[in-house]
Amino acid sequence: MAVRISRRDFLLGFRKRFTSYSVEENTSGVGDLAREGDEALRQGDYKAAISAFERLLQVQKENLVARQKLGYCYYRNGEIEKAKKEFLLLMERGVESNFLYLYLGLCFAHEGKLDKAIEVLKGFFDVTKPIVQRAINLQIALYQSSMAEKDDFISTIEEAIKEQAKMDRNS
């Protein structure tokens, strides 16, 4: 039985690659390096995923999905400066997504640049992710009231991401 895909499904599916919060679900392309990186990411082996995605991007420099995943892996591996660089490259190439706003904002927060973090996170808007949206809105309000603290800022949003993922899996 052949699977039918409309042009709309094809285009929206491609767009979904950049808006999904679960980077583990999206494929990075075809080939051994893409499969290797995707599998390492699914397993939570960020070092192996980084290695695979870096090698993949040497061959496929314009693979934006792999670049997004590389940035995410750098972030999860604690390499905030490298993650920020990848996310900024994506923005320069015209990618706009809630995922990008979320993790780029967190990168700025890790650097102690809460003003830049807020500026980026204001671009995040997703009613389907109410826990994350609420956490971001709370941190924006605290910042505007001069009550935001870097560590609380980061941990509140990180916890919201985990809670949201758990809620999404259960629904």
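Potential lengthening of the chain between ARG42 and GLU111 amounts to 22.1 nm, from the contour at 0.36 nm per residue minus the alpha-carbon distance. Loop-resident chymotrypsin sites (Phe, Trp or Tyr not before Pro) (DSSP state other than H, G, I, E or B) in region 87-135 with no more than 16 further Cβ atoms inside 10 Å of their Cβ: PHE125.
For LYS166, the lysines whose Cα comes closer than 22 Å to its Cα, not counting residues fewer than 8 places off in the same chain, are LYS16, LYS69, LYS129.
Each part gets one Cα centre, and for region 52-111 versus region 138-169 those centres are 20 Å apart.
How much length, in nm to one decimal, is gained on full extension between PHE125 and SER51, taken as 0.36 nm per residue of separation minus their Cα-Cα distance?
Extra length from PHE125 to SER51 when fully extended: 23.4 nm.
Per q in 0.17 Å⁻¹, report the Debye log10 I(q)/I(0) for region 97-171, using one uniform scatterer on each alpha carbon and no solvent. Reported log10 I(q)/I(0), two decimals: -0.56. In region 25-171, inverting the average of 1/r over every pair of distinct C-alpha atoms gives 15.8 Å as the Kirkwood radius. Here each label is just a point 7 Å from Cα along the line to Cβ, and for LYS166 and ARG35 those points are 3.5 nm apart. Once Lys and Arg get +1 and Asp and Glu get -1 on their Cβ, which of ASN137, SER97, MET147 lies farthest toward the positive end of the dipole of region 97-171? Going by the charge dipole, the pick is SER97.
Only the coordinates and a few stated rules stand behind these numbers; no lab work does. Fair warning: this is a prediction, and the values are worked out from it, not measured in the lab. Ideal geometry is used to build each Cβ from the backbone, glycine not excepted, and the neighbour counts take in all protein chains shown.
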